[in-house]
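One structure below.
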Amino acid sequence: QVQLVESGGDLVQAGGSLRLSCAASGIIFSINTMGWYRQAPGKQRELVAAITSGGSATYADSMKGRFTISRDNAENTVYLQMNSLKPEDTAVYYCNARLKASNGGREYDAWGQGTQVTVSS
């Protein structure tokens, strides 16, 4: 199986920055898209940003210009640089990877356990 291990969540003041990391390990043939989602209390999980293996990135509108997603394909790692953080960014951030375990195998989604980001006003 595959494990996604996130790190970097913390308590930060509004206007501050954090960098999240997520490393995938296990039985991996290829990873297509890697991304970050977040879920605030009482709200649905939402996409923050995603990046393909070729480096094409997608962002939720409210994160554009503040967050930057990047990826190290050789290390199966995805990063999320978060700047100008706001209290409304407070949530549990989850890493996602769409991957194959073998050549010809079907793609499936793997998820990390989540890392807490808290932004104080």
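The values are calculated or read from the model by the stated rules, or taken from the named source; none is laboratory data. Predicted model, so just to flag it, every value in this text is computed and none were measured. In this analysis, Cβ positions are derived from the backbone assuming ideal geometry, glycine residues included, and neighbour counts consider all displayed protein chains. We work out accessible area using only protein heavy atoms, side chains counted, and drop any ligands, DNA or RNA first. Shrake-Rupley method; radii C 1.70, N 1.55, O 1.52, S 1.80 Å.
Using a 7 Å offset from the Cα along the Cα-to-Cβ direction at both residue 120 and residue 25, what is the distance between the two label points in nm, to one decimal?
For the pair residue 120/residue 25, the computed spacing is 3.3 nm.
Can you work out the Karplus-derived ³J(HN,Hα) for every residue in segment 4-18? Use 6.51 cos²θ - 1.76 cosθ + 1.60 with θ = phi - 60°, whole Hz, and x for glycine or proline.
With coefficients 6.51, -1.76 and 1.60, one gets 10, 10, 9, 8, x, x, 6, 9, 9, 7, 4, x, x, 10, 9 Hz.
With every protein chain present, what is the per residue accessible area of segment 1-84 (1.4 Å probe, Å²)?
53 Å²
For the chain, modelled as a Gaussian network with Cα springs under 10 Å, which listed residue fluctuates most, 28, 69, 51?
28
Could you tell me the center-to-center distance, by alpha carbons, between segment 72-107 and segment 1-60 in angstrom?
Between the Cα centre of segment 72-107 and that of segment 1-60, the gap is 3 Å.
Which whole number of Å³ per residue matches the convex hull of the alpha-carbon atoms in segment 33-75?
On the way: hull volume 3.4 nm³, N = 43.
Given the Cα convex hull of segment 33-75, per-residue volume reads 78 Å³.
Quick one: among 12, 48, 78, which has the greatest mean-square fluctuation in a GNM of the chain with alpha-carbon springs under 10 angstrom?
Ranking 12, 48, 78 by mean-square fluctuation puts 12 first.
Mind telling me which of 46, 107, 75 comes out most flexible in a GNM of the chain, alpha-carbon contacts under 10 Å?
The residue with the greatest mean-square fluctuation here is 75.
For the chain, rounded, prolate or oblate, judged on the Cα gyration tensor with a ≥ b ≥ c (square roots of eigenvalues), a/c < 1.5 rounded, else prolate if a/b > b/c?
It is prolate, given that a/c is not under 1.5 and a/b is the larger ratio.
Please get the size of the charge dipole for the chain, origin at its Cα centre, with Cβ charges of +1 on Lys and Arg and -1 on Asp and Glu, quoted in debye to the nearest 20.
The calculation lands at about 160 debye.
May I ask you to give the percent of accessible area on the chain that is carbon plus sulfur, with a probe radius of 1.4 Å?
Roughly 45 percent, rounded to a whole number.
Give the aspartates and glutamates whose C-alpha is closer than 16 Å to that of residue 86, dropping any in the same chain fewer than 8 places away, or say none.
Straight-distance partners of residue 86: 10, 61.
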